[in-house]
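Peer 1: First the structure, which I've put down as structure tokens, then a few questions once you've had a look.
The values are calculated or read from the model by the stated rules, or taken from the named source; none is laboratory data. Because the structure is a prediction, the values reported are computed rather than measured. Note that we place each Cβ from the backbone using ideal geometry, even for glycine, and neighbour counts take in every protein chain shown.
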Amino acid sequence: MRRKRPERTARRSRERYARRLVRDRERLAQLTPGGSEERPIEVDSPAVIEGRVGSLRCPQCDGEYALDDHQSAGPGMRVVSVTCRMCRVPRQLWFRLGSSAPS
Ligand SMILES: [Zn+2]
């Protein structure tokens, strides 16, 4: 009878799964609005950015973000550096200022 170590194998596969989950969530975060320069969140004015950040949640742990920095990233583009209050993962969120032309 071979002595296997089922508990160790289970732990390894759990760890592998957890790592993959983190990677997948990061990839998904990049695809969600605000997750990359190509997919900015449209806002009407810079004043509302803080409010939008407050309504977003960390893709890893669903924690709230703390706003660290807020920079211009070209014409009409804003990039906001945030850190998750729970898991401490730093992240950048992209915003584009929509035209304020009257509709
Ligand atoms: Zn988090």
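Peer 1: Keeping to region 82-103, report how many residues are under 20 Å from Glu42 (Cα atoms), at pLDDT 95 or above and polar (S, T, N, Q).
Peer 2: Looking only at that region, the number is 1.
Peer 1: Answer yes or no as to whether Arg25 is touching a strand residue (DSSP E or B) at 6+ places or on another chain (Cβ under 7 Å), of a type outside the set (Gly, Ala, Ser) and either at positive phi or surrounded by 13 or more Cβ atoms within 10 Å (Cβ to Cβ) (or both). If you could, list the steps in order and put the result at the bottom.
Peer 2: Values: touching a strand residue (DSSP E or B) at 6+ places or on another chain (Cβ under 7 Å): no; of a type outside the set (Gly, Ala, Ser): yes; either at positive phi or surrounded by 13 or more Cβ atoms within 10 Å (Cβ to Cβ) (or both): yes.
No: the conditions fail for Arg25.
Peer 1: Hey, another quick one. Which of the residues that make up region 30-48 are surrounded by 14 or more Cβ atoms within 10 Å (Cβ to Cβ), under 10 Å from the mean Cα position of the chain (by Cα), in contact (Cβ under 8 Å) with a residue 24 or more places away in the chain and not in a strand (DSSP E or B)?
Peer 2: Gly34, Gly35
Peer 1: Right, another one. List pairs: first residue in region 49-71 and closer than 18 Å to Arg25 by Cβ and of a type outside the set (S, T, N, Q), second residue in a helix (DSSP H, G or I) and more than 9 Å from the ligand (Cβ to nearest atom) anywhere in the structure, Cβ distance under 7 angstrom, at least six positions apart or on different chains.
Peer 2: Partner pairs satisfying both residue conditions: Pro59/Arg25; Pro59/Leu28; Pro59/Ala29; Tyr65/Val53.
Peer 1: Got a sec? Which of Arg27, Arg52 is over 16 Å from Leu97 (Cβ atoms), not in a strand (DSSP E or B) and not aliphatic (A, V, I, L, M)?
Peer 2: Arg27
Peer 1: Can you tell me which residues in region 72-82 are surrounded by fewer than 17 Cβ atoms within 10 Å (Cβ to Cβ) and touching a residue at least 24 places away in the same chain (Cβ under 8 Å)?
Peer 2: First, the residues of region 72-82 that are surrounded by fewer than 17 Cβ atoms within 10 Å (Cβ to Cβ): 72-77, 81.
Passing the criteria: Ala73, Met77.
Peer 1: Now, a different point. Please determine whether any residue of region 67-81 is modelled with pLDDT of 95 or more and outside any strand (DSSP E or B).
Peer 2: No: zero hits.
Peer 1: Now, a different point. Six or more apart or on different chains, Cβ under 6 Å: which pairs go from a residue in region 91-103 that's outside any strand (DSSP E or B) to one that's modelled with pLDDT of 55 or more and surrounded by fewer than 18 Cβ atoms within 10 Å (Cβ to Cβ)? Could you list them?
Peer 2: Gly98/Glu42; Gly98/Asp44
Peer 1: Scan region 25-81 for residues that are charged (D, E, K, R) and within 16 Å of the ligand (Cβ to nearest atom) and report the count.
Peer 2: 7
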